[in-house]
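Participant: So that we are looking at the same thing, I have put the structure below in C-alpha cells.
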Amino acid sequence: MNFISTQFVIFMLVTWGLFLVLPPRYRWQMLLAASYVFYATWSIPFVAVILLTTSVDYLASKILYANASPQFRKMTLWTAIVVNLLVLGYFKYFNFFLDINASLLKYLGVANTMPKHLEILLPLGISYYTFEAISYLLDVYRGAKPAPNWLSYNFYIMYFPHLISGPIVRFNELWPQYKDGIQNPAFARVGKGLELLVLGYMFKLIIADNCAGIADPVFAKPEAATVLGTYTAVLAFAGQLYFDFLGYTHIARGASLMFNLQLPINFNHPLNADNMADFWKRWQISLSRWLHDYLYVPLGGSRKYLPRTMLNVFITLMVAGIWHGAGWIYVVLGLYFGVNVAGYHAWRRLRKKLFKTKDKVIVNHPLYVCAAHIVTFTLIVLSGVFFRSTSVQNELVVFDHLIRFKKLFEEIAAAARVDNFTEVGICLSMIVILISGPYVVRLYERLYQPMPYWVKLQTATAALLLCWIFCAEYIPPFIYFQF
C-alpha cells in the first residue's frame, strides 16, 4: 500500500473513523492492528521478521533494565544488537557481500564455489526500524525505562506513518504520547495534519514526479545524453529528491497528526545550508541525530585533535552512505560526504587560525555567505549523481559530461541559433526551482498560518485539483521507500 494510492486514502479514512469512535485507552492498540494490516499489504511473510526482532528486543530490554551483572547486561546488549544487524545484513547486504567475494576470488585466481547472487527481497523499512531498535536498546542500557509490555514496544516500531521511511523515532519521543491513551486531536491539529497531507501530495505529484520524468532517461543511458541534457538531468534529480523527501515527510507527519501523535521534524530546508555539516543537520534529521548520538559521539566526536575529529566524521558518514543501500555507489556516496564534511571541519579550524579574532566578521560578510551557499549548493546537487546512478561506471560518464564546459557552451550556442531553448529553459527552470523552492515553502508557512479556516479549505481543495491536473503519467514510489 503506497502513500500515493487510493487504497491508502481508504485505509486512512477507515482507520481514522475507528480511531474516533473508540475510547482513548484502546486507540493505540487499534492503530497497532492497522499498522500490521498496512505492512501486510506489502508482504505478509516479512511481518514474521518484525515479530522476531521486536520479541528479541523487548526481552533484551527487560534483562538490561533488571539488576543483572554488568557483564551479563553488556552481553545481552551486544547479542540483541548483533541479532538486529544480522537480520539487516542478510536481507540488505548479503548479495553485496557475494559480489565482493566473487570479485576478490577472481582477482586472486581462486575458484568461487559460492553463488554470485541470491533472490533476496528487502523487507520494507528494515533500515529504519533496525536503527530504532538499536537506539531503544542502547537507551535502556544507559538507564532509560523500557516499555512496560511487548505491545507497547511493538507499537513504537510498527506505527505505520514512520514505519516505511522514517523519521527514525526514539522511544521516549513517542511513548509519552500514547501511554495513557490517545485523546481526540484538537481541531487545529487536524487542520495542520490535513495541510501537511495536501502539501506532501503537491510536492510529490506536481514537482518531484515531473522532475523524475526529466532525470530518469538520462541516468538510464548517460552515455547517450548531451552535455546540456546531463546538466538538466542532474538538476532535475536534485529537485526530485528534495521534493520527494519533503513530500513524504509532510505526508507522514500529517497522517500522524490526524491520530494526535506528533512525529519529529525530519527536514529543515537543507538547500539553505551554508556548509556540508550544516546540510546534514537539516537533511534526514532523525538519521543524522541517530548517527551523532550513537556513533559519532561514542567515537569521540569533535573533542579530540583535528585528525581524530576528521576520522570520526569520515566513519560516521561512511556508515550513512552504506545505510542508504548495498553497492559500491553507496560506498562512494559515503566517501563523498565524508570527505566534504571532514574537509569543512579542517577548513573551519584553519580559518580560525588564519583570521583569529576577525573570523566571525569574515564568515558573516555577505560575500563569504554568498560564496558558502553557492559552493554548498553545488556540492549538494553533485551528490545526487552518486545517489541516482545505477553503477560507478555511470557516475563516471555523468561526471565526464559535467566537466565538458566547452561542449556545454557549444550546445547552448547551437540551441540559440535555431531558437530551440527548450532544454536550456528546462535547465534554468530546475535552477530556479531548487534555489527558490525553500524560500517559497518558508514564505507559504508564514502566510498560511494566520489565514481563516475557510480560506485554508479552499486552498487545500485547489491544491488537490492541481495535483490531479499536473501529476505525472507515471507515479514512482517515494525514493526513500527503497531503504
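Participant: Only one of R289, R303 is farther than 27 Å from Q393 by Cα and outside any helix (DSSP H, G or I). Can you tell me which?
Facilitator: R303
Participant: Turning to a different aspect of this structure: From the residues in region 80-122 that are among the small types (G, A, S) and out of contact with any helix residue (DSSP H, G or I) (no Cβ under 9 Å at 6 or more places or on another chain), which one is surrounded by the fewest Cβ atoms within 10 Å (Cβ to Cβ)?
Facilitator: For region 80-122, the residue satisfying everything is G109.
Participant: Within region 345-382, can you find the residues that are hydroxyl-bearing (S, T, Y) and in contact with a helix residue (DSSP H, G or I) (Cβ under 8 Å, 6 or more places away or on another chain)?
Facilitator: Correct list: Y368, T376.
Participant: Let me ask something else about it. I'd like the full set of residues that are more than 21 Å from I100 (Cα to Cα) and out of contact with any helix residue (DSSP H, G or I) (no Cβ under 6 Å at 6 or more places or on another chain), limited to region 310-344.
Facilitator: Residues satisfying the conditions are L311, V339, G343.
Participant: For region 1-19, what are the residues that are touching a residue at least 12 places away in the same chain (Cβ under 8 Å) and farther than 15 Å from Y178 by Cα?
Facilitator: Those that are touching a residue at least 12 places away in the same chain (Cβ under 8 Å) and farther than 15 Å from Y178 by Cα: M1, N2, F3, I4, Q7, F11, M12, T15, W16, L18.
Participant: Now a separate question. List the number of the failed condition for Y248; all other conditions in (1) under 30 Å from T316 (Cβ atoms); (2) in the same structural domain as Y129 (by TED's automatic domain parsing); (3) in contact with a Phe, Trp or Tyr (Cβ under 6 Å, 6 or more places away or on another chain) hold.
Facilitator: Evaluating Y248 over (1) under 30 Å from T316 (Cβ atoms); (2) in the same structural domain as Y129 (by TED's automatic domain parsing); (3) in contact with a Phe, Trp or Tyr (Cβ under 6 Å, 6 or more places away or on another chain) leaves (2) as the failure.
Participant: With the requirement that a residue be in contact (Cβ under 8 Å) with a residue 40 or more places away in the chain and among the β-branched types (V, I, T), what does region 20-34 give you?
Facilitator: none
Participant: A further question on this structure: Condition test on P45, is it more than 23 Å from I322 (Cβ to Cβ), without any contact (Cβ under 8 Å) to a residue 40 or more places away in the chain and out of contact with any Phe, Trp or Tyr (no Cβ under 9 Å at 6 or more places or on another chain)?
Facilitator: It is true that P45 is more than 23 Å from I322 (Cβ to Cβ), without any contact (Cβ under 8 Å) to a residue 40 or more places away in the chain and out of contact with any Phe, Trp or Tyr (no Cβ under 9 Å at 6 or more places or on another chain).
Participant: Working carefully through the options D244, D293, D278, D216, find the one that is acidic (D, E) and surrounded by 22 or more Cβ atoms within 10 Å (Cβ to Cβ).
Facilitator: So the residue among D244, D293, D278, D216 that is acidic (D, E) and surrounded by 22 or more Cβ atoms within 10 Å (Cβ to Cβ) is D244.
Participant: Which count do you get for residues in region 64-79 that are among the charged types (D, E, K, R) and either exposed (fewer than 12 other Cβ atoms within 10 Å of the Cβ) or not assigned by TED's automatic domain parsing to the domain that holds I134 (or both)?
Facilitator: 0
Participant: Where residues in region 2-19 are surrounded by 12 or more Cβ atoms within 10 Å (Cβ to Cβ), of a type in the set (A, V, I, L, M) and part of a helix (DSSP H, G or I), which of them is modelled with the lowest pLDDT?
Facilitator: The selected residue is V9.
The values are calculated or read from the model by the stated rules, or taken from the named source; none is laboratory data. It should be emphasised that the depicted structure is a prediction, and the values quoted were computed from it without experimental measurement. All Cβ positions, glycine included, derive from the backbone under ideal geometry; neighbour counts span all protein chains shown.
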